[in-house]
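Coordinate-derived values only; no laboratory data. As the structure is a prediction and not an experimental result, all values here were calculated from the model. Cβ placement follows ideal geometry from the backbone for every residue including glycine, while neighbour counts extend to all protein chains displayed.
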Amino acid sequence: MSTLVPIIKGQPAMMYSGVVPWHGLGQKLSGPVTAAEAIQEAHLDWNVVKMPIALKTGRRHVGITNKFAVVREDQLQSKEPTALGIVGKNYSLLQNRKAFDWFDPIVGRGEAVYHAAGAVGLGEHVWILARLPGEIHVTPDDRVGKYLLLSNSHDGSASVRVKFAPMRFVCWNSLMTPSSVGSLIRVRHTSRLREQMALATDNLRNIKQGFDELEACFRTMATIPMDEKRLAEYLTRVFPAPADPHDTRGLQRVAKARKQARYLFEQGTGNSAGPARSSLWAAYNGVTELVDYSSHRKGPAFHLQSIWFGSGYYTKARAYRLATTMAQGWKN
């Protein structure tokens with residue numbers, strides 16, 4: 001088990017249902033679960049607390065003003081509890097259960113709609129994936145599931161976020177999109193956290209509009225034919241060259257990524273036949289498949305973190321943004 005997934009009570013803090021995901025991490029369940037069950041099965045039923053910080057100088061301990069360590073409550077009795085992060089006095093904690101309780105009415109109060117959940121690191125980031133009713137039909141045989149990803153951080157590095165995370169069924173690519181799409185929610189951990197969350201709930205009711213926008217964009221991509229010139233232009237912009245022209249390793253990484261994405265455009269799952277073949281939709285999915293299924297040198301848990309929160313997410317978001325922009329010019 002990768003060290004980037006916390007081990008709690010002897011079990012990895014992650015669960016999933018249905019098809020075994022590419023990372024193979026966590027407990028496999030027989031089907032989707034409720035929010036309460038997801039917390040239990042993913043071993044996320046713990047709280048965090050803010051602890052004062054002191055600097056040890058010789059035999060003295062000097063308190064650090066207005067700075068606190070965020071620590072898991074279940075680790076307070078250990079000899080050396082680990083801080084998940086250092087935060088200020090105005091940082092408001094949001095417990096895992098409270099975050100899930102806030103999300104639950106949006107996707108189906110008390111219903112079994114949660115397909116995966118987990119934590120990364122020692123619990124710095126916690127996330128849960130929910131499937132909404134209905135599907136996006138890009139073509140008659142190319143369907144995309146409607147998923148939302150809720151993430152919360154306990155280290156002060158990120159807000160409470162809800163992202164669109166549609167899944168293409170033919171290949172199970174996660175089609176992460178930029179924050180400008182639809183009504184993605186971001187709530188900061190300030191003293192006004194509860195008030196902001198109440199306001200955000202109203203915005204989340206516009207999720208349907210966001211998925212309608214995605215469906216229109218995906219369908220447009222499927223109608224745009226790609227020739228060699230267009231494909232080269234798209235991949236060059238998705239994987240830009242490093243700023244330093246003498247960065248040999250960076251240039252090699254970019255060239256390799258473009259080559260692999262080009263191959264997946266032609267031979268990727270769901271791209272080699274049918275309406276998707278040789279379309280902008282295939283080019284976009286070539287990038288998402290590359291990000292999802294390329295191995296990470298530090299292991300699958302680091303790879304999953306990259307896809308949800310790091311460079312993998314930003315690559316997919318850039319691929320979507322460029323595809324939608326370029327489609328407008330190419331369809332005229």
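Structural remarks
- Restricting the calculation to Cα atoms, segment 48-88 yields a radius of gyration followed by a Dmax of 10.8, 30 Å.
- Sum of side-chain charges, residue 150 neighbourhood, beta-carbon under 9 Å (Lys, Arg +1; Asp, Glu -1): +2
- Angle between the chain longest axis and helix 280-293 axis [Cα atoms, degrees, rounded to 10]: 40
- Rg and Dmax of segment 103-163, Cα atoms only, in Å: 14.0, 44
- Projecting the Cα positions of 261, 166, 5 onto the charge dipole of the chain (unit charges on Cβ atoms of Lys, Arg, Asp and Glu, taken about the Cα centre) puts 5 furthest along the positive direction.
- Burial ranking of peptide ranges 304-314, 73-83, 119-129 (average Cβ count within 10 Å, highest at the top): 119-129, 304-314, 73-83
- Only the Cβ atoms of Lys and Arg (+1) and of Asp and Glu (-1) were treated as charged; on that basis the dipole of the chain about its Cα centre amounts to roughly 1020 debye.
- Rg and Dmax of segment 10-135, Cα atoms only, in Å: 17.7, 63
- Summary of packing: across the peptides 142-150, 51-59, the per-residue average of other C-beta atoms within 10 Å ranks them, highest first, as 142-150, 51-59.
- Dipole in debye (nearest 20) - segment 216-330, about Cα centre, beta carbon charges: Lys, Arg +1; Asp, Glu -1: 160
- Percent of alpha-carbon pairs separated by more than 16 Å within segment 247-289: 36
- Estimated Rh, the chain: Kirkwood, alpha-carbon pairs, angstrom: 21.3
- Calculated [θ] (222 nm, deg cm²/dmol) that DSSP helices of n ≥ 4 give over the chain, each run adding -39,500 (n - 2.57): -12000 deg cm²/dmol
- Separation of the alpha carbons by more than 19 angstrom is noted, of 163/208; 89/163; 163/259; 259/316; 28/208, for 89/163; 163/259; 28/208.
- Projected onto its three principal axes, the C-alpha set of segment 216-330 covers 37, 32, 23 Å, listed from the longest axis down.
- Shown in residue order for segment 151-156 are the 3J(HN,Hα) couplings computed by the Karplus curve 6.51 cos²θ - 1.76 cosθ + 1.60 at θ = phi - 60°: 10, 9, 10, 10, 10, x Hz (x for Gly and Pro).
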